[in-house]
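Engineer: Just passing along the structure, written as structure tokens.
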Amino acid sequence: MQTLSSTAASATRTTGAYLEIDGVTKVYPSARGAHTVLDGVDLSVAEGEFVCLIGHSGCGKSTLLDMVSGFRQPTTGEVRLNGERIIDPGPDRMVVFQNYSLLPWLSAYDNIALAVNNVFPELQRNGQAKAIVEEHLAMVGLSEAAHKKPGSLSGGMKQRVSIARALALKPKVLLLDEPFGALDPITREELQEELLKIWADHRVTVLMITHDIDEALFLADRVVMMTNGPAATIGEVLELPFARPRVRARLLEQPEYFDLRNRALDFLYRRYAHDDE
Amino acid sequence: MPALLTVDNITQAFPLKNGGTYVALKDIFLQIAEGEFVTLIGHSGCGKSTLLDLLAGLTLASEGGILMNGQEVTEPGPDRMVVFQNYSLLPWKTVRQNIALAVDNVMPKLAKAERREIVERNIKLVKLTPAADKYPAEISGGMKQRVAIARALAIRPKLLLLDEPFGALDALTRGNLQTQLMEICQEAKVTAVMVTHDVDEALLLSDRVVMLTNGPEAYIGQILDVPLARPRSQLTAVEDPTYYGLRAEVVTFLNQQRDARQQRLKPKGAVACGALEKVNLEIGFVPLTDCAPLVMALEGGFFARHGLDQVRLRRETNWKTLEANLRQGVVDAAQMVAGLPFAMTLGSQGRSPVPITSALTLTRNGNAITLHRRFHEAGVRTVADLKAWISANPGHRPVLAMVHPASMHNLMLRAWLASAGIDPTSDVELIVIPPAQMVATLKAGTIDGFCVGEPWNSRAVQEGHGTVIATDTDLWDGHAEKVLGVREDWAAAHPYTHQALLCALLEACRYCEDPANRQELAELLARPDYVGTRADVLLPGLAQAYDRGTGVPTLIPGYNRFFGPGVNAPDRAEATWILTQLARWNVCSFPRNWEEVLDRVQRPDLFGEAAASLGLAPEPPHTTASPKGFFGAEQLDPCDPAAYVQALQQEPPLRIEAVVLPPPPSRRPVAAT
């Protein structure tokens, strides 16, 4: 169908690399000699771009994400954000994990407030922190649940709190490590739609790990497919031509959708089929 | 095949704390044949796991019962093994010991060596020999689930019950295990019932997908046969041209259930206004050039002019979904392929009859038959050439696609093939796929041609994948193509709204017919809410010369007809043709009470009222049969269609039977306005 337009897709990015993963290799010493997890990964992400990483377990996706967040360092090569080498974690790169990582004894509001107060102590002093927390709770539709603790929130609501907490710190890059993997399919689709809206409103750059091909095709500008480890690297990159804003039902009508889906399946199940032993 | 398992009208209710009861499942009837793989799919709370527990004998039904090989299932037994999502392995025992424990317990009478042999064989079956001495904590989730499967199979159950076995694994690991499970089931020749909420998983593994509605009182909403060839893999499955159509059916079902739940939470009532019983209408359509009257009625203000100021057009990508939505009252009215009102009224393909009223023909013509370009290159210009091609290429049975069994596309394509001596059931393979997927499927090479409305023929021509071998103006100029359909009970309950709808659409049809408006029409239709394509793909035939891809484009007058004498009134003679052809191609049996069926479905009286209120001249009685007779059925006498049906030499002989229609709803008379 002709609703595709490459201009609409590329309008969401500016030109030039913003986040650069440059010749990154990660080697761990082990009893049986050096173990290479990632071997020569090169990836340039433009500002405001939404990139999904997909690959079998053990392909080093999470290791790669850790090097962008600064929790780990590459053995060789480097990761740069806005030209600056990433050497440690920082609030300009926030990570959302599958397991939410909320403090169970704090309310949704306090979980977010804690992060905001830590990162922006001056806002706490001048009283603006409250407005930021409330704005981000509203963004994920949780104003009414602000004072509930994680134990009385559903999985989808917990993940909304995590996303609100991450974005309240105004990160340049949002790193998502399979954020919806633990949710039921309906909640997952709802959160995917919300995430796209938030991404479009906040103009944040997103790097997201997923195992779900349909999720990647719905969300991303590009889908980066990793080969199997050890010594994993980028095998193929799919450029998605779908116009935004995207409507799931409309996407499923586009012949290109199925072409791309089949290409991803072919990569993951034929060319880089994987046994889980 | 005899049923291994019969779920005989089960109802399952649980007591609630407040003294009430919760009915989880209501009247479930299901038969499962030996060796079959059946999946149960539905949203959380639909009772899938309750049903699985009943099959396992873990709980007993409140009403009804389960028979396995003629024996009632009353308790758990080793002939029915369950595999759960959480593996349930003993952590202090190795892979081998976990399996051996089950075998030793269930088969104590076997010699030790024999039991050991069973354990080893099953470890090998799930390819875990190298990990046999590892403990559960030392192996991956996927491997743990294979141990659980091996343990279940080792005690040779007749029935393997799987409760979301791969739900805890990531989507890609799941893929590998699905392939292995298929191989294992095939090798162990076991019957399997699996609960899942993964649509791709269900299609890949199943012979049938049983779709459950939302609880409470969940029931089987639909059963989908999955005719994909075996052995299957993720890749061969998606490469089958019918795959994404099947997938869409399950996805649509699940979406409908989700919508139904949301609607139940905040129901949308009828908004009445003045004499109109309801002005907030949902109208279903399929994105094709000939949805133009609906789009124009909305965008051009014709609905609003007749008081229908809250109309929403609901876009459906395939006719089956649209049919289901009308059946369930999700939509008030729908654009329909011309045979659909009859097929729904007669209750084709195992569905219960739902009488449909049709008082307006929206469009005539507008279809074409496109073949892959290589046929033109091989010299195929006519249906006779196609016949010759088929005879000359015995190993290549062409696969042709159409959009719905009750569409004119199916009926005319078959009649066209048969006219040249091509047997539509054996010389070619006819499959149903949604219109928007035609071009991509043709391009992928999995079909050889199709019969569909525009813009899909023009799109195939413009992209160079196909050429048009015939337009329907070549075959039967002036046949009814799309009609307006509403449920008969809806028409009876909303007589004024129905009249307003007919008037608005008839005016829109008149607007669409005017050549001066066709460019505007194409631009409107091009919008993503409607057809969602470039306007220039919509223009051939509608406003410009028609390009068949085989030479200079030519003007085809009346390629899309929306209005004019004899265009919009329901045509009784034409309807007899449709009834006979639906029978001829085994879509429905021919109703002995065909006159009653025509009287119930077609309402020229309602059309007449609408036309009169718009000041249009009354339609003369007429017939769209061409001078040489009906297309592909020249000997049909519309006053005696049964004689034609009886004369068709077909094996097995065609059934002519009285179809019992539900009693007509009482009609409220419409006062003259």
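Engineer: Need pairs with beta-carbon distance below 8 Å; first residue within 14 Å of chain A (Cβ to nearest Cβ) and within segment B:36-61, second open to solvent by 40 Å² or more (accessible area, probe 1.4 Å) and in a loop (DSSP other than H, G, I, E, B); sequence gap 6+ or separate chains.
Structural biologist: These pairs meet every condition: B:Ile41/B:His197; B:Gly42/B:His197; B:His43/B:His197; B:Ser44/A:Asp184; B:Ser44/B:His197.
Engineer: Could I ask something else about it? If we keep just the residues of segment A:75-89 that are open to solvent by 20 Å² or more (accessible area, probe 1.4 Å) and not in a strand (DSSP E or B), which is farthest from the other protein chains (Cβ to nearest Cβ)?
Structural biologist: A:Gly83
Engineer: For segment A:197-208, enumerate the residues that are modelled with pLDDT under 95 and not in a loop (DSSP other than H, G, I, E, B).
Structural biologist: Within segment A:197-208, A:Lys197, A:Ile198, A:Trp199, A:Ala200, A:Asp201, A:His202 qualify.
Engineer: Could you check, for segment A:184-198, whether at least one of its residues is farther than 14 Å from A:Val95 by Cα, more than 17 Å from the chain's Cα centre (by Cα) and outside the structural domain of A:Arg271 (by TED's automatic domain parsing)?
Structural biologist: No, segment A:184-198 contains no residue that is farther than 14 Å from A:Val95 by Cα, more than 17 Å from the chain's Cα centre (by Cα) and outside the structural domain of A:Arg271 (by TED's automatic domain parsing).
Engineer: From the list A:Leu53, A:Leu4, pick out the single residue that is at pLDDT 95 or above and under 30 Å from A:Arg250 (Cβ atoms).
Structural biologist: A:Leu53
Engineer: If we keep just the residues of segment B:433-455 that are under 19 Å from B:Thr321 (Cβ atoms) and of a type in the set (Gly, Ala, Ser), which is nearest to the other protein chains (Cβ to nearest Cβ)?
Structural biologist: B:Ala440
Residue by residue, here is whether (1) in a loop (DSSP other than H, G, I, E, B); (2) among the polar types (S, T, N, Q); (3) open to solvent by 10 Å² or more (accessible area, probe 1.4 Å); (4) in contact with a strand residue (DSSP E or B) (Cβ under 7 Å, 6 or more places away or on another chain) holds:
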| residue | (1), (2), (3), (4) |
| --- | --- |
| B:Leu360 | no, no, no, yes |
| B:Ala368 | no, no, no, yes |
| B:Leu371 | no, no, no, yes |
| B:Asp385 | no, no, yes, no |
| B:His404 | yes, no, no, yes |
| B:Leu413 | no, no, no, yes |
| B:Asp427 | yes, no, yes, no |
| B:Met438 | no, no, no, yes |
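Engineer: Still on this structure, please answer the following. Taking A:Glu215, is it within 14 Å of another protein chain (Cβ to nearest Cβ) and either in contact (Cβ under 8 Å) with a residue 12 or more places away in the chain or outside any helix (DSSP H, G or I) (or both)?
Structural biologist: Yes; evaluated as a whole, the condition is true for this residue.
Engineer: Among the residues of segment B:591-608, write down those that are outside any helix (DSSP H, G or I) and among the charged types (D, E, K, R).
Structural biologist: Those that are outside any helix (DSSP H, G or I) and among the charged types (D, E, K, R): B:Arg592, B:Arg603.
Engineer: Still on this structure, I have one more. Among the listed residues B:Ala229, B:Ala188, B:Ala168, identify the single one that is of a type outside the set (S, T, N, Q), touching a Leu at 6+ places or on another chain (Cβ under 6 Å) and open to solvent by 30 Å² or more (accessible area, probe 1.4 Å).
Structural biologist: Of the residues listed, the single one that is of a type outside the set (S, T, N, Q), touching a Leu at 6+ places or on another chain (Cβ under 6 Å) and open to solvent by 30 Å² or more (accessible area, probe 1.4 Å) is B:Ala188.
Engineer: I would also like to ask the following. Residues that are within 13 Å of chain A (Cβ to nearest Cβ), at least 1 per element: which helices (runs of 4 or more DSSP H) completely within segment B:110-216 meet that?
Structural biologist: B:141-154, B:171-188, B:199-205
Engineer: Just name the residue that is most open to solvent (accessible area, probe 1.4 Å) out of those in segment A:233-255 that are more than 8 Å from chain B (Cβ to nearest Cβ) and outside any loop (DSSP other than H, G, I, E, B).
Structural biologist: A:Glu239
Engineer: Keeping to segment B:590-602, report how many residues are out of contact with any helix residue (DSSP H, G or I) (no Cβ under 6 Å at 6 or more places or on another chain) and under 18 Å from B:Pro652 (Cβ atoms).
Structural biologist: The qualifying residues number 1.
Engineer: In segment A:170-215, how many residues are open to solvent by less than 10 Å² (accessible area, probe 1.4 Å) and under 24 Å from A:Gly70 (Cα atoms)?
Structural biologist: 14
Engineer: Quick one: in segment A:256-277, which of the residues that are open to solvent by less than 30 Å² (accessible area, probe 1.4 Å) and within 10 Å of chain B (Cβ to nearest Cβ) is farthest from A:Glu49 (Cα to Cα)?
Structural biologist: A:Asp276
Engineer: Follow-up. Right, A:Leu53: hydrophobic (A, V, I, L, M, F, W, C) and either over 15 Å from the mean Cα position of the chain (by Cα) or more than 14 Å from chain B (Cβ to nearest Cβ) (or both) or not?
Structural biologist: no
Engineer: Can you tell me how many residues within segment A:23-60 are closer than 22 Å to A:Ala264 by Cα, assigned to a strand (DSSP E or B) and open to solvent by 50 Å² or more (accessible area, probe 1.4 Å)?
Structural biologist: Matching residues across segment A:23-60 total 3.
Engineer: Output the number of the condition that B:Glu117 fails; it satisfies all remaining conditions of (1) at pLDDT 90 or above; (2) crowded, with 17+ Cβ neighbours inside 10 Å.
Structural biologist: Unmet for B:Glu117, out of (1) at pLDDT 90 or above; (2) crowded, with 17+ Cβ neighbours inside 10 Å: (2).
Engineer: Here is a follow-up. Looking at segment B:581-599 only, could you name the residues that are open to solvent by 20 Å² or more (accessible area, probe 1.4 Å) and either touching a Pro at 6+ places or on another chain (Cβ under 8 Å) or of a type in the set (Lys, Arg) (or both)?
Structural biologist: Correct list: B:Arg584, B:Trp585, B:Arg592, B:Trp594.
The values are calculated or read from the model by the stated rules, or taken from the named source; none is laboratory data. Every value quoted in this text rests on a predicted model; they were computed, and no experiment measured them. Counting neighbours? That spans all protein chains shown, and the Cβs are built from the backbone with ideal geometry, glycine included. Heads up: the accessible areas ignore ligands, DNA and RNA and are worked out on the full protein's heavy atoms, side chains in. Shrake-Rupley method; radii C 1.70, N 1.55, O 1.52, S 1.80 Å.
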